[in-house]
Amino acid sequence: MKEKVLILGAGYAGSVVANKLAREFRKKIAKDELEITILDKSDTSINQGGFTFLPFGLYTPEDIIRKRKKLISPRVNTAFGDDGEVTSVNLNNKEVAVKSGKKYIYNYLVIAMGARADADAVPGLANELNTFYTSIEGAMQVGEKLRNLEKGDIVISVASMPIPCPGAPVKFAFLLDSYLRNIRKNREQFNLTLLWPMEPIGPPEFNKLVSGLLKEKNIEVKRSFPLGKVDASKKELSSKEGETINYDLLIAVPPHKPQKLLADSGLTDEKGWIPCNKTTLQYRGPAGNHDDVYILGDNGPADILKTGIGAHYQALVVSQNLINEIYGNKIKVPYEGETGCPIITEMETPVSAGEAYIATWNYGVMPAPFKPTKMGWYMYRMYYYLHWDMSVKGLF
Ligand SMILES: Cc1cc2nc3c(=O)[nH]c(=O)nc-3n(C[C@H](O)[C@H](O)[C@H](O)COP(=O)(O)OP(=O)(O)OC[C@H]3O[C@@H](n4cnc5c(N)ncnc54)[C@H](O)[C@@H]3O)c2cc1C
């Protein structure tokens, strides 16, 4: 009987799984013994990591957007739009429904539907939402606002955790400092403040490095400052504990959650994310234990770091385990928490070199001391072009 692998979400993680399986199983697919199907509500893929750079003109929207049909192997069945927009997932019946009313059944299911911003979770935030975090348009508008601002207090607020790529707001703060200092040459006209919802900024060596640099660059940091509310009329925000701060420009990272349909389908836990075994990535949660269901990327458990790097590693592990399972060789590859957080501490300008580093770590093994370098800056810049033709296609 034909085996069916169904992948929900053709973002970073889902695309890697689809492309790796299509390559491995090309003969089975040709003989009609196996079918791989991937669903997404949109036919366009966006590399969200590029949002951080758009306000400073370091990439263009065209650099970070591709049609999915150019990214997914033609051996994979694809459904984008209403036939691909998932509306419910029933693990007991092994059935997924989509907006058009169609239903898909599976032998193996991969859930990789990412995270969504929920600005409404903070009173007043939706009325004052300047964010580079959620869309190309939003990131371009932040760039426009920065270009039109001559002086004042710029506050970058990370409302709560977890968010995709917790290092990105820090990277943004350093890029902004560098942009004002070295390009606009009016840094002294601005006060920059970073509001961080937790005490440490990442693992110890990461926290140590960025804390020192934030101080050196005169970026004020307020830690343990989860965003409580925003009053746009007074240009004032407060923490959940009631501490208030005024701003001229607020750039916020809203709270994030998984797609609502996943909670409505009874798949999420009390923290709101999809629980799974942190090593096998198989579903373990309120809908039961399901070895045939894999959870990867940003919609996964709250305590697995949400990064593209992590999603990529998870996709490699899940692809290999699906390959092992379908061949019946009983080998299981573990996910050991491999992830990373690329940090940029200064952009390249006529008067500054450009400095970056990609710190990586896994469960229980934190990054060693590191130093951002010019080579790191080049690697990071280059990555955005490799992303489409190497990473997403699952070539490494
Ligand atoms: C501003 C920003 C900067 C970042 N910078 C970095 C970085 O420098 N390095 C790094 O490693 N990571 C970075 N990340 C994180 C990285 O982008 C994510 O971790 C990664 O995209 C997660 O992959 P994913 O496949 O889980 O989700 P996604 O890539 O978001 O894919 C989810 C897919 O699910 C689809 N979907 C959603 N709902 C439905 C539905 N109902 N039906 C069907 N399909 C649906 C979406 O359309 C999407 O295609 C950044 C993220 C942001 C927001």
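The values are calculated or read from the model by the stated rules, or taken from the named source; none is laboratory data. Keep in mind that this is a model prediction, so the values were computed, not measured. Ideal geometry is used to build each Cβ from the backbone, glycine not excepted, and the neighbour counts take in all protein chains shown. Side chains included, ligands, DNA and RNA excluded: accessible areas come from the protein's heavy atoms. Shrake-Rupley method; radii C 1.70, N 1.55, O 1.52, S 1.80 Å.
Tabulated values for the structure
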| item | result |
| --- | --- |
| GluC sites (Glu not before Pro) within segment 219-265, DSSP loop, no more than 12 other Cβ atoms inside 10 Å | GLU241 |
| Convex hull per residue volume in Å³, alpha carbons only, for segment 121-248 | 109 Å³ |
| Under 5 Å, built H, 5+ apart or other chain: amide partners of MET198 | SER224, PHE225 |
| DSSP-assigned coil residues among trypsin sites (Lys or Arg not before Pro) in segment 156-231, each with at most 14 further Cβ atoms within 10 Å | LYS185, ARG223 |
| Listed residue pairs exceeding 23 Å between alpha carbons, taken from LYS41/LYS70; LYS151/LYS235; LYS67/LYS374; LYS171/LYS215 | LYS67/LYS374 |
| Accessible area in square angstrom per residue, segment 121-248, 1.4 angstrom probe | 44 Å² |
| Span-like helix ranges in the chain, DSSP H, alpha carbon extent 24 angstrom or more, Kyte mean at least 0.0 | 308-327 |
| Accessible surface of segment 21-156 [probe 1.4 Å, protein heavy atoms]: carbon and sulfur percent | 44 percent |
| Hits among aspartates and glutamates - C-alpha to C-alpha of LYS271 under 17 Å, sequence gap 8 or more where chains match | ASP118, ASP298, ASP303 |
| Rh by Kirkwood over Cα pairs, then Stokes-Einstein D for the chain at 1.567 mPa s and 4 °C, µm²/s | 59 µm²/s |
